[in-house]
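The values are calculated or read from the model by the stated rules, or taken from the named source; none is laboratory data. All values reported here derive from a predicted model rather than from experimental measurement. Glycine also receives a Cβ, built like all others from the backbone with ideal geometry; neighbour counts cover every protein chain displayed. SASA here: full protein model, heavy atoms, side chains in, ligands and nucleic acids out. Shrake-Rupley method; radii C 1.70, N 1.55, O 1.52, S 1.80 Å.
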Amino acid sequence: MGFSSVLSSKNMKNSWVSFCLLFPAFVLAVLVPVATGQLSPSETRILFQIQKILEYPVALQGWSNWTNFCYLPPSSLRIVCSGTHITELTVIGNKSSPSKTPKSAPVSSIPSQQTLSKSFSIDSFFTVLTKLSNLKVLSLVSLGLWGPLPSKINRLSSLQVLNISSNFIYGDIPPTISKLQSLKSLVLADNLLSGSVPDLRSLAILEELNLGQNQLGQKVPPLGETLVIIILRKNFFRSEIPSRIMELNKLQLLDISFNKFLGPIHSSLFSLPAIQYLNLAYNQLSGALSVNTTCNKNLNFVDISHNLLIGKLPSCIGSNSPSRTVNISWNCMSSGNSKYQHSDSYCHKEAMAVKPPGDLQKQKLSNKLGLTLALIGGVVGMSGVVLLLVCAIIRKIRRRRLEENKYEKSAADKLGSPLPNRRVPQTRLPALGLPPYRVFTLEEIDEATKNFNPSSLASEGFQAEIYKGWLTDGSVVLIKCFKLKQKLQPQTLARHIEELQNLRHRHLVSILGHCTITNQDHLNPASTVFVVNEYVSNGSLKDCLTDWKRKEALKWPQRMGITIGIARGIQHLHTGMVPGIFGNDIKVENILLDETLTAKISNYNILMPLKDEGGLRLPKGSENPEKEDIFQFGAILLQVITGRRVTETSELDDTKSELESGLAEGLKLRGFIDSSILGSFAFDSLKTTIQIAINCLSKDPSKRPSIEDVIWNLQYSMQVQEGWTSSGGNLGTFI
């Protein structure tokens, strides 16, 4: 027998011996779990129900009546059993999520291709889940779940970990979630949850709270003291950082980036006993950090970039430590590279714009009241003490009443104009009456424009061709065709597309949706975006000012409502998104009016990487497009006041000079203002508005007011007008 045969024989013997030795262990490993870890028939049936309700995702396929669910191989499905009961159910699907989908599918368009089908019922699903009464860990990720989170979730009373991230859950977080007394980890990130977060203090052992990438706001709720991780990034929180966070001695990670948090940063935040990671970026935090700030030695990440902070960076944060990452860019700080910082004036202006009104409002109102009383005093001296003293008393009482009731609904609200705040925070007024934003197909665009028939071409603008179209529901729309740059990165296009849904506002001609097509020719790759806008059919402000019948119907209160609406539309363009949109060609012909005389700005800039231009239209010769918009708004105010069209710079200068001289003598203004508004305005209201217009038309852009200042003063003017109207229209009329 050869050597190889002997070796083969020995190997076979060894293998057999090994098999004989290992076989009992193999049998034991296979049989024992069947005897001790088999689920109860009822919970097995529940798993098959879950498989069906979730529409047979990949992670739940391959099951049979012989499947031992308690001993599945490692995969995107994890089931842990204790005796005959399930204690952990983790299912990770392959569906998309809101953060991975262009923001083109609002709640009203769900279900969609990214979610489970229309037949899915989240209420029925949780009814089945709650039958697994011993569940301690429930993790359902990227499964396309949609609908409001049912309040019956509190029936899972043994839950320690709840993770329903990366789905399409919308609506409020049910308050009953605070009854899950055993909960240690709550992760609801990357959904469409909105509204206020319920009080979570009753979750006495909660360690992780992750609500990031939702639509929650505006204040952070009371939290328990046991939290180790807090993630609230990418929501709509708008308040100061709660002081209670400074008492969380176990907190290691805090991420509140991409919100609207404002006010100062408490120095104690950097020295919390356990803090290691701190991300406060992309908020509106202001003021200076205390130079005496101390830092926890374990703090290894700090990001305070893109805020409104000033002053020097505390030494403990600025020290060159290789173990600590620090980002302070795009504030107004004197530390670091000035190339990546704004000027101090920028932060001061923006901080004032977002500062809660409070004392600043009272101070402004007090100043206005004092100025008014001084004017009344002058009139008293000229016209007789007794009569005008009575007028002064009446006026003072009326002003006081207005201050005491400043939050009550007034005629200004009916015109879309709230009562004044000194610095008006950017408000997202709803785009009333609009259908949900959605993605259109090319077939729908072709049908709406009759295959882009020349008869459908409405105009050719600076940025795009504009077609008039009709949707299948009969509604009329305007469709803008943007030809984009070649070799455009997909992420660049996606970023621009995401911004489109922000262009929905009560005082903008709002965007209803879009359609994107891409030329697949590798030698000439290019994309075209069709942007679908609402159609406003009641004409423009220019039409109202040039048609004498329509002009006669526009009395002073209506004109005030229109101008405040225009200002709010400009505010949304400037501050309602990042980056802001400037150079918006604000002209009377581009201000459309609906049936209720609500002003809507049309032909504003849409930031698109165009084929031939940079995608941003700037006025010729303008180095400051933000202030150029203010200048153009001033020109609109002049035309609203005088009732005359102004098309040339010389005409604008002459009209401005006339009104400036007219302010010195009230009687002289009669010859310059539109005769259609005589008898319908309070003199102080008109005078304030004229002064706003003059300030907006300053030759020096730096002296033009911010849009927040413009809105405040216009609202003050409206308030004066209301007081005059309520008094019978007798006080304050001099012309």
Practice task
May I ask you to verify whether Leu140 is open to solvent by less than 20 Å² (accessible area, probe 1.4 Å), within 20 Å of Arg45 (Cβ to Cβ) and in a loop (DSSP other than H, G, I, E, B)?
Solution key: no
Problem - Boolean, Phe672 is modelled with pLDDT under 90, open to solvent by 20 Å² or more (accessible area, probe 1.4 Å) and either in contact with a helix residue (DSSP H, G or I) (Cβ under 7 Å, 6 or more places away or on another chain) or under 19 Å from Glu628 (Cα atoms) (or both) - result: yes
Completion exercise
Of those in segment 505-529 that are open to solvent by 50 Å² or more (accessible area, probe 1.4 Å) and in a loop (DSSP other than H, G, I, E, B), the residue modelled with the highest pLDDT is Arg506
Practice task
Pull up segment 152-173, narrow it to residues that are over 27 Å from the mean Cα position of the chain (by Cα) and open to solvent by 10 Å² or more (accessible area, probe 1.4 Å), then point me to the one that is farthest from Val107 (Cα to Cα).
Solution key: Ser158
Completion exercise
Condition set over 14 Å from Ile636 (Cα atoms) and aliphatic (A, V, I, L, M), scope segment 553-592, selection nearest to the chain's Cα centre (by Cα): answer is Met577
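Looking at this structure, is Ser305 closer than 30 Å to Thr176 by Cβ, assigned by the TED database to the domain that holds Ser343, open to solvent by less than 10 Å² (accessible area, probe 1.4 Å) and assigned to a loop (DSSP other than H, G, I, E, B)? Explain how you work it out, then say what you get.
Values: closer than 30 Å to Thr176 by Cβ: no; assigned by the TED database to the domain that holds Ser343: yes; open to solvent by less than 10 Å² (accessible area, probe 1.4 Å): yes; assigned to a loop (DSSP other than H, G, I, E, B): yes.
For Ser305, the condition - closer than 30 Å to Thr176 by Cβ, assigned by the TED database to the domain that holds Ser343, open to solvent by less than 10 Å² (accessible area, probe 1.4 Å) and assigned to a loop (DSSP other than H, G, I, E, B) - is not met.
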Completion exercise
Residue count, segment 48-59, condition assigned to a helix (DSSP H, G or I) and either open to solvent by 80 Å² or more (accessible area, probe 1.4 Å) or not assigned by the TED database to the domain that holds Leu135 (or both), comes to 2
Fill in the blank from the handout: Taking segment 277-300 and keeping only residues that are over 12 Å from Arg233 (Cβ atoms) and in contact (Cβ under 8 Å) with a residue 40 or more places away in the chain, one is left with Gln284, Leu285, Ser286, Gly287
Practice task
Enumerate the pairs (first residue in segment 698-717 and among the basic types (Lys, Arg); second residue anywhere and open to solvent by less than 10 Å² (accessible area, probe 1.4 Å) and part of a helix (DSSP H, G or I)) with beta-carbon separation below 7 Å, excluding pairs fewer than 6 apart on the same chain, so at least 6 apart or on different chains.
Solution key: Arg704/Ile630; Arg704/Cys696
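Can you name the residue in segment 60-111 that is small (Gly, Ala, Ser), assigned to a loop (DSSP other than H, G, I, E, B) and open to solvent by less than 60 Å² (accessible area, probe 1.4 Å) and is also modelled with the highest pLDDT among such residues?
Of all residues in segment 60-111, those small (Gly, Ala, Ser) come to 62, 64, 75-76, 82-83, 93, 96-97, 99, 104-105, 108-109.
Still in the running and assigned to a loop (DSSP other than H, G, I, E, B): 62, 64, 75-76, 83, 93, 96-97, 104-105.
From what's left, open to solvent by less than 60 Å² (accessible area, probe 1.4 Å): 64, 76, 83, 93, 96-97, 104-105.
Numbers: Ser64: 87, Ser76: 89, Gly83: 88, Gly93: 92, Ser96: 86, Ser97: 88, Ser104: 48, Ala105: 56.
Only one residue tops the list, namely Gly93.
Are any residues in segment 203-221 over 16 Å from Tyr170 (Cα atoms) and open to solvent by 50 Å² or more (accessible area, probe 1.4 Å), and if so, which ones? Please lay out each step first, then the result.
First pass over segment 203-221, keeping only residues over 16 Å from Tyr170 (Cα atoms): 203-209, 218-221.
Ala204, Ile205, Glu207, Glu208, Gln218, Lys219, listed by residue number.
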Exercise for the section: Collect the residues in segment 577-596 that are at pLDDT 90 or above and surrounded by 17 or more Cβ atoms within 10 Å (Cβ to Cβ), keeping them in residue-number order. Expected result: Ile586, Lys587, Val588, Asn590, Ile591, Leu592, Leu593
Practice task
Could you tell me whether segment 621-639 includes any residue that is in a helix (DSSP H, G or I), among the hydrophobic types (A, V, I, L, M, F, W, C) and open to solvent by 30 Å² or more (accessible area, probe 1.4 Å)?
Solution key: yes
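Tell me, please, whether a residue that is over 28 Å from Gln341 (Cβ atoms), open to solvent by 50 Å² or more (accessible area, probe 1.4 Å) and touching a Ser or Thr at 6+ places or on another chain (Cβ under 6 Å) can be found in segment 265-283. Lay out the reasoning, then the answer.
So in segment 265-283, the residues over 28 Å from Gln341 (Cβ atoms) come out as 273-274.
Of the ones still in play, those that are also open to solvent by 50 Å² or more (accessible area, probe 1.4 Å) are 273.
Applying the additional criterion that residues be touching a Ser or Thr at 6+ places or on another chain (Cβ under 6 Å) yields none.
Looking through segment 265-283, none of the residues is over 28 Å from Gln341 (Cβ atoms), open to solvent by 50 Å² or more (accessible area, probe 1.4 Å) and touching a Ser or Thr at 6+ places or on another chain (Cβ under 6 Å).
Take the residues of segment 467-486 that are of a type in the set (Gly, Ala, Ser) and assigned to a loop (DSSP other than H, G, I, E, B): which is surrounded by the fewest Cβ atoms within 10 Å (Cβ to Cβ)?
Of the residues in segment 467-486, the ones of a type in the set (Gly, Ala, Ser) are 469, 474-475.
Of the ones still in play, those that are also assigned to a loop (DSSP other than H, G, I, E, B) are 474-475.
Values: Gly474: 6, Ser475: 13.
So, considering only residues that are of a type in the set (Gly, Ala, Ser) and assigned to a loop (DSSP other than H, G, I, E, B), the one surrounded by the fewest Cβ atoms within 10 Å (Cβ to Cβ) is Gly474.
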Exercise for the section: Of the numbered conditions (1) in contact with a strand residue (DSSP E or B) (Cβ under 8 Å, 6 or more places away or on another chain); (2) open to solvent by 60 Å² or more (accessible area, probe 1.4 Å), Leu541 fails exactly one; give the number of that condition. Expected result: (2)
